[in-house]
Amino acid sequence: MRYDESSPPLPESSTSISPDRPWYARRSTLVVAVAAIAPACLGGWVLTEVLAGGAGDDSRPPRIVMPLSASAPAPSAPAAPAPAPGTSAAPAGTPSPTAANANALAGRTVVIDPGHNTGNFKHTTEINRQVDIGTNRKECDTTGTTTNSGYMEAEFSMDVSRRLRTVLEAKGLKVVFTHEAGKERPFGPCIDERARIGNEAAADAVVSVHADGVSAGSRGFHVILPAKVKGGGADTAKIVEPSRQLGERIAGNFARTTGSAPANYLGSGTGLVVRDDLGGLNLSTRPKVFVECGNMRDAKDAALLSSPEWRQKAAQGIADGIVGFLGG
């Protein structure tokens, strides 16, 4: 997604959550010290909105307006006791973990939304048409950004999306695309249609794939989550929490699989940003996130984004996050 690089530098804001202090229980003269420290996976959730900049749905620099508290990971379940000698590890007929995971994914639908369209550059009049996103009106779509060598964000997002589809379908998931570009879709679709496709598919998860376009030196990925908004056709109250869970899963798996770090220019190092200005999120009724895989305007990030091998890792990381979110 393209940001206006002439806009003021992005302010940073975060709230740090201190771990629980150790507690001590005394019994007679015996002192037993037990440290209970719950590390927070995320330094803080960041709620952002648009100040100024480019005109597209996903083209403006976000402004931090308030911090949200981080959530600690759920504690691990206690290990099951070992079976007694001569007995089986599980009762007869108990599904294997692999079968249980497959069952969890059976009948599930994922909608993949490849950001932008390679034809948008030739259809600026059409994509500049204003559409209703509930809280206000915005342009139908934007061109996206490019690397300095000319590799288009729309090319990147489609390639990663197709790789992602292959991985998800191998898991038994039904995958729906918002578009495949080409002659049948010379530009767009508009942001309101992208949201509608996910809604009408009754998707269990929707992921929009992008790459950022900010100044050199700004590196890393981030996942954009929907803010709680209500207005016109927009009402995200029911999807804010599941979308956050989806975003958490994707961010963790993306970092682990690609080796990329969370963005160093927004999100306070969490790799997670909440925005209330994106029509694709505002109009969604299904859990949905945007994944900004890196910065196309930074030479080091651009080298990764231009690599087919790295794009396969990106697709795998996103897929692992989706599958984990769905319980597979």
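The values are calculated or read from the model by the stated rules, or taken from the named source; none is laboratory data. Not measured: the values here are computed from a predicted model. Note that we place each Cβ from the backbone using ideal geometry, even for glycine, and neighbour counts take in every protein chain shown. Accessible surface is based on the protein model in full, side chains and every heavy atom, while ligands, DNA and RNA are left aside. Shrake-Rupley method; radii C 1.70, N 1.55, O 1.52, S 1.80 Å.
The table below gives the values:
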| read-out | value |
| --- | --- |
| Set Ser284, Ser268, Ser243: member being farther than 17 Å from Val160 by Cβ, assigned to a loop (DSSP other than H, G, I, E, B) and at pLDDT 95 or above | Ser284 |
| Any hit, segment 195-207, residues being part of a helix (DSSP H, G or I) and touching a helix residue (DSSP H, G or I) at 6+ places or on another chain (Cβ under 7 Å) | yes |
| Matching entry among Ile250, Ile224 (being outside any helix (DSSP H, G or I), of a type in the set (Val, Ile, Thr) and closer than 25 Å to Ser306 by Cβ) | Ile224 |
| Filter result (β-branched (Val, Ile, Thr) and closer than 17 Å to Asn282 by Cα) within segment 204-222 | Val206, Val207, Val209 |
| Hits in segment 169-179 (condition: in contact with a strand residue (DSSP E or B) (Cβ under 8 Å, 6 or more places away or on another chain) and in a loop (DSSP other than H, G, I, E, B)) | Leu173, Thr178, His179 |
| Enumeration of residues in segment 215-225 that are of a type in the set (A, V, I, L, M) and open to solvent by less than 10 Å² (accessible area, probe 1.4 Å) | Val223, Ile224, Leu225 |
| Thr124 vs. criteria open to solvent by less than 40 Å² (accessible area, probe 1.4 Å), more than 20 Å from the chain's Cα centre (by Cα) and of a type in the set (Ser, Thr, Tyr) | no |
| Near pairs, Cβ below 6 angstrom, 6+ apart or cross-chain, from segment 135-148 (under 18 Å from His179 (Cβ atoms)) to any residue that is in a loop (DSSP other than H, G, I, E, B) and among the polar types (S, T, N, Q) | Glu139/Asn128; Thr142/Ser59 |
| Tally, over segment 206-246, of residues that are over 17 Å from Asp276 (Cα atoms), over 16 Å from the mean Cα position of the chain (by Cα) and of a type in the set (A, V, I, L, M, F, W, C) | 2 |
| Test: residue in segment 258-265 that is open to solvent by 10 Å² or more (accessible area, probe 1.4 Å), modelled with pLDDT of 95 or more, over 23 Å from Phe177 (Cα atoms) and among the aliphatic types (A, V, I, L, M) | yes |
| Matching residues, segment 114-126, being in contact (Cβ under 8 Å) with a residue 60 or more places away in the chain, over 18 Å from Leu305 (Cβ atoms) and outside any loop (DSSP other than H, G, I, E, B) | Gly119, Asn120, Lys122, Glu126 |
| Segment 127-168, residues that are part of a loop (DSSP other than H, G, I, E, B), open to solvent by 10 Å² or more (accessible area, probe 1.4 Å) and hydroxyl-bearing (Ser, Thr, Tyr) | Thr135, Thr142, Thr143, Ser149, Tyr151 |
| Residue pairs meeting the criteria (Cβ under 7 Å; at least 6 apart or on separate chains; first more than 18 Å from Thr125 (Cα to Cα), in segment 178-198; second open to solvent by 50 Å² or more (accessible area, probe 1.4 Å) and of a type outside the set (Val, Ile, Thr)) | His179/Arg185; Gly198/Arg286 |
| Residues of segment 183-194 classified as open to solvent by less than 30 Å² (accessible area, probe 1.4 Å) and outside any helix (DSSP H, G or I), total | 3 |
| Condition broken by Ala90, with the remaining ones in (1) over 22 Å from the mean Cα position of the chain (by Cα); (2) at pLDDT 95 or above; (3) among the small types (Gly, Ala, Ser) satisfied | (2) |
